[in-house]
Amino acid sequence: MKVGILGATGYTGQELLRILKTHSEAEIVYIGSSTSADKKIAEIYPHLTDSNMLILEKEEVPDVDVLFMALPHGIAASRADELLARGIKIIDLGADFRLQRPEIYEEWYKLNHPNPQILNEAVYGLPELYREEIKDRSLIANPGCYPTASLLSLVPLLQAGLVQKEGIVIDAKSGVSGAGRGVNQAVHFAEVNENFKAYAVGEHRHTPEIEQQLGLAVGSSVIINFTPHLVPMTRGILVTIYADVNGKVSEKELRSCWQDYYAGEPFVHLLPEGVWPQTKYSYGSNHAFLQLKYEPRTGKAVLVGVIDNLVKGASGQAIQNMNLMFGLPETTGLVTTGLWP
């Protein structure tokens, strides 16, 4: 496959380059950047010195089989029609195609959707939920990082009716790379180091994305409490979710639901009882780790999930989607385990 990347100089763009270098079926023929055209990628990321594609180009996309778009919201949707008409498959790592209703996009992103007519052509790119749909589409909305960890934890239990849709609380923590590579005082070293803070409380843009997918899982509207936190580490997401169980549900039933739902899944792992996920388990890999506990005293299930925000939460998942779109084994190029320590 001839592969292109728009927005190659961001963290997700360079992560695509890093992973695709070992992909047996992908040839990177184009990397584009609006701000760094004509520069060698190694000038920006020296660890990519031995990359076969060294020169960044302007955002004039040549003929490729698939294009990864790692761009700010509002740009991918405005260019999608022309690219799709040329037979180029698109995997958008931004937010333009994640929300099915343009008015919700406009409410949360404070921007008129540039191409609402195309939204019904996109499929939400969480393979564990939409594998068959992904195989047949040319436009993939790659999920956000917080939604990936949250949905992998919640959807099987909600669909099975084991937990209630009302009163769900998602307490999420992310490493600083989730904020991107741009200059921002809030993520300066002196602001983040030895510090721990909540942010975007009640207004984070991943909230409607999570609510939409949970609503689709149960066939009715779902409202959540979602609070993200910034942790002084580079990579990783850990979500702790509190949900009321339905009736006399046991911990064994909850665990069995996960086991059945994720049986045979190459990237989702339910840990043994008493072993709680750590972000290091996923560091640098496309793997997700889950654990749960039922508290009879409160009637709540406590779910914990971890992923690497740049891999399963972004670029690795995008490559997983690409593999599905082109009929390849889903694990192609993604067989690495997490780094430790």
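Bear in mind that the values in this text are calculations on the coordinates, not laboratory data. All values reported here derive from a predicted model rather than from experimental measurement. Methodologically, a virtual Cβ is constructed for each residue, glycine included, from the backbone with ideal geometry; neighbour enumeration extends over all protein chains shown.
Here are a few things to note about the model shown:
- Computed FRET value (nearest 0.05) for ARG181 with GLU251, which takes r as the C-beta separation and R₀ as 51 Å: 0.75
- Rounded FRET efficiency, nearest 0.05, which uses the C-beta distance separating GLU103 from HIS188 and R0 of 45 Å: 0.80
- Count Lys and Arg as plus one, Asp and Glu as minus one, and take only other residues whose Cβ is under 10 Å from that of ILE28; the net charge is then +1.
- If the chain linking ILE223 and LEU84 were pulled fully straight, counting 0.36 nm for each residue of separation and taking away their Cα-Cα distance, it would gain 46.6 nm.
- Relative contact order %, region 146-309, counting alpha carbon pairs below 8 Å whose residues are six or more apart: 31
- Total formal charge among the other residues, if their Cβ is under 11 angstrom from that of LEU84, Lys/Arg +1 and Asp/Glu -1: +1
- Beta bridges per DSSP with both ends in the chain, % antiparallel, nearest 5: 45
- Gained length - LYS197 relative to ARG297, 0.36 nm times residue gap less alpha-carbon distance: 33.1 nm
- Euclidean distance between Cα centres, region 283-335 to region 6-60, Å: 25
- Taken over the chain, the convex hull of the Cα atoms encloses 137 Å³ per residue.
- Exposure proxy ranking, count of Cβ atoms within 10 Å, fewest first, for MET322, MET1: MET1, MET322
- Net lengthening on full extension, ARG131/LYS21 (0.36 nm per residue, minus Cα-Cα): 37.2 nm
- The chain: relative contact order as a whole-number percent, Cα under 8 Å and 6+ apart: 18
- Relative to the longest principal axis of the Cα atoms of the chain, helix 145-159 runs at roughly 40 degrees.
- Environment charge of GLU15, counting only residues whose C-beta is closer than 15 Å and scoring Lys/Arg +1, Asp/Glu -1: +4
- With Cα atoms, 0 to 90° folded angle of helix 76-85 axis to the chain main axis: 60
- Region 76-161: C-alpha gyration tensor shape, a/c 1.5 cut-off, then a/b vs b/c: oblate
- Mean separation of Cα contacts under 8 Å (6+ apart) over length of region 41-188, as relative contact order %: 17
- Computed FRET value (nearest 0.05) for LYS280 with ALA37, which takes r as the C-beta separation and R₀ as 25 Å: 0.10
- Listed by chain and number, the lysines whose C-alpha is less than 21 Å from the C-alpha of LYS248, apart from same-chain residues fewer than 8 away, are LYS165, LYS293, LYS300.
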